[in-house]
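Step one of this worksheet: look at the structure below.
The values are calculated or read from the model by the stated rules, or taken from the named source; none is laboratory data. Being a predicted model, the structure only gives us computed values, none of them experimental. Backbone-built Cβ (ideal geometry, glycine too); neighbour counts: all protein chains shown. These area figures cover heavy atoms from the full protein model, side chains too; ligands, DNA and RNA do not enter into them. Shrake-Rupley method; radii C 1.70, N 1.55, O 1.52, S 1.80 Å.
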Amino acid sequence: RPECLWCSQCKHCRSGIHPRRFAGRSLQAGRRQMMAETEILEQQIPRKFLELSRKSENGSLYQLSTAQLSLRSTSSNGTLDLISIVHLGEREYFEAITDDVQPYDRVLHELVVNADSIDADDLGRRRLKYPANATVFQQTLASRYGLTHQLSGMNFTNSKWFVADLSRETIDKLQTRFLRSLEEPYVAGVQNLLLAQAARRQGREAMTSWFLQGGTESSWGPKGFSERVLLTCVAIVSLALPSPELSALLISWTWQNNGNANLQTFFDVLRLCANLDFVGARRLVYAQFLVSSQDQETGGVYEIIIGGRNSAAMKQVETLEKDGCRRSSLIYGVLHMPDLLQRLHQREYIVIDEPKWRDAWRISLRDQDFTHVAAATGVALLFGFGCLDWLDLVRDATDSLDCLVYGQKTIIWSTWPRTEINVPVTEYLQCPASGVWGRTFREGLVYVLRHIYMFWTLRELILR
């Protein structure tokens, strides 16, 4: 490839635009077109590598899709396809990826296994010795959503497939080393051995929680403090409203999706449940959760799970250039992709084509009119029974309050016969002689426990 005629005057030589197409044009015109085409290519780079979209004319089909991005090295001119993947999907999804990478010179992939399961050569190329099978937990998780696990749907022992990941032992060592470095500020300057041990223990507990939650106060949920406070206040206020389980269910849905309410998706989940399609409802909830998890910060444990493993992947990318591979691919999880793309840009890889999207799984809403009615009717009935229960509690609470204020009797007003004069009349109430507070507390406790159980049941049925 000839050098760019304008490399000394601009920084657009890495855009992948061949300068010879501007032969015979003025320098200014060529630079303008190069900058325009570079901007178009940059706009085509996906901000996220996983998306959930509604398809078909009436929007009765959800599709969870992963992105594939083609890049080229400006130094070796070899191409590298960055293939994002989810660990659960339909079998056809994994078969399509396997078929697409057959013509490639080399396929790099993620896989965390024990070190003794890897066969490494002198040049650092690492291959799997024997097939990796999905564990019982992984198979159970996949069957819950009616999907196939990646280890069951792909064969990683192909002669062209190489592991570009850390071993399980290396990850454990890195996590232990990282946690020890976090403990040092807690024991710095402490001379007493007992105080140092206590400080180290307290620091280890605090930093372990911070570390496992990804460098944030909680693993999932809204990242903004104001959003967290707002949702917490709404949850507290909803306890005094009818059917608090419905409000709590919506708050839980918003919380687990990092503050994104996505009411349309939430109502479609209710539609699937009303149609007794609980597997489809679980798929849709899980798909929305995965899409929302792309906003997760890469702190704490994710510095190793994402950053450390991506560093190992880049070391295997270096072997592609040394071995002269002209066409290769890197298969990795969607959460790794933004960091991997940034690292590849630093190694002078450029995007050469629009992203290609591949469907991991689909959720059909079975477009039937009665599902809208059934979902709305179910919510209305649940809210109606909740209102009756709430009114009954309010009535009992007001009666108890009357007993506490007026004792065994209360004063009401009545009209004097044949006149418009209102006079006070004493009416005796059926109040217990004692234990009014205890009865009110028991009724309120039973009410709260009843609706907590209803919320837990709905959450396990719909959102889990």
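Before moving on, here are some points about what is shown:
- Scanning the range 274-294 for residues that are in contact with a Ser or Thr (Cβ under 9 Å, 6 or more places away or on another chain) and more than 17 Å from Val334 (Cα to Cα) turns up Ala274, Asn275, Asp277, Gly280, Leu284, Val285.
- Leu365 fulfils the conditions (1) at pLDDT below 85; (2) touching a Phe, Trp or Tyr at 6+ places or on another chain (Cβ under 8 Å); (3) open to solvent by 50 Å² or more (accessible area, probe 1.4 Å) except for a single criterion, (3).
- Answer from Val136, Val113, Val107 - the residue that is over 20 Å from Leu50 (Cβ atoms) and surrounded by 21 or more Cβ atoms within 10 Å (Cβ to Cβ): Val107
- Listed by first and then second residue, the pairs linking a residue in the range 389-407 that is closer than 15 Å to His451 by Cα and modelled with pLDDT of 75 or more to a residue that is part of a helix (DSSP H, G or I) and among the charged types (D, E, K, R), with Cβ atoms under 7 Å apart and 6 or more places separating them unless they lie on different chains, are Leu393/Glu443.
- Scanning the range 275-289 for residues that are open to solvent by less than 30 Å² (accessible area, probe 1.4 Å) and part of a helix (DSSP H, G or I) returns Gly280, Ala281, Leu284, Val285, Ala287, Gln288.
- Condition met for Pro432 (open to solvent by less than 70 Å² (accessible area, probe 1.4 Å), out of contact with any Asp or Glu (no Cβ under 7 Å at 6 or more places or on another chain), part of a loop (DSSP other than H, G, I, E, B) and modelled with pLDDT under 85): yes
- Within the range 319-336, the residues that satisfy the criterion of being closer than 17 Å to Val112 by Cβ and of a type outside the set (Ser, Thr, Tyr) are Leu330, Ile331, Gly333, Val334, Leu335, His336.
- If only residues of the range 450-464 that are in a helix (DSSP H, G or I) and basic (Lys, Arg) are counted, the one that is most open to solvent (accessible area, probe 1.4 Å) is Arg450.
- With respect to the conditions (1) within 27 Å of the chain's Cα centre (by Cα); (2) open to solvent by 20 Å² or more (accessible area, probe 1.4 Å); (3) without any contact (Cβ under 8 Å) to a residue 60 or more places away in the chain, Arg91 lacks only one, and its number is (3).
- Positions within the range 124-133 being open to solvent by 20 Å² or more (accessible area, probe 1.4 Å) and either in a strand (DSSP E or B) or touching a His at 6+ places or on another chain (Cβ under 8 Å) (or both), in sequence order: Arg126, Arg127
- Of the criteria (1) modelled with pLDDT of 85 or more; (2) over 23 Å from Leu61 (Cβ atoms); (3) open to solvent by 70 Å² or more (accessible area, probe 1.4 Å), which one Trp357 fails: (2)
- Test: residue in the range 114-123 that is of a type outside the set (Val, Ile, Thr) and closer than 21 Å to Met337 by Cα: no
- Restricting the range 113-124 to residues that are at pLDDT 85 or above and of a type in the set (D, E, K, R), the residue that is nearest to the chain's Cα centre (by Cα): Asp116
- Qualifying positions in the range 79-107 - assigned to a loop (DSSP other than H, G, I, E, B), under 11 Å from Gln150 (Cα atoms) and β-branched (Val, Ile, Thr): Val86
- Screening the range 235-263 for residues that are in contact (Cβ under 8 Å) with a residue 40 or more places away in the chain and open to solvent by 40 Å² or more (accessible area, probe 1.4 Å) and picking the one that is nearest to Phe383 (Cα to Cα) gives Leu246.
- Pairs meeting the criteria (first residue in the range 159-181 and assigned to a helix (DSSP H, G or I), second residue of a type in the set (A, V, I, L, M) and at pLDDT 85 or above, beta carbons under 7 Å, at least 6 apart or on different chains) are Arg168/Val112; Arg168/Val113; Glu169/Ala115; Ile171/Val112.
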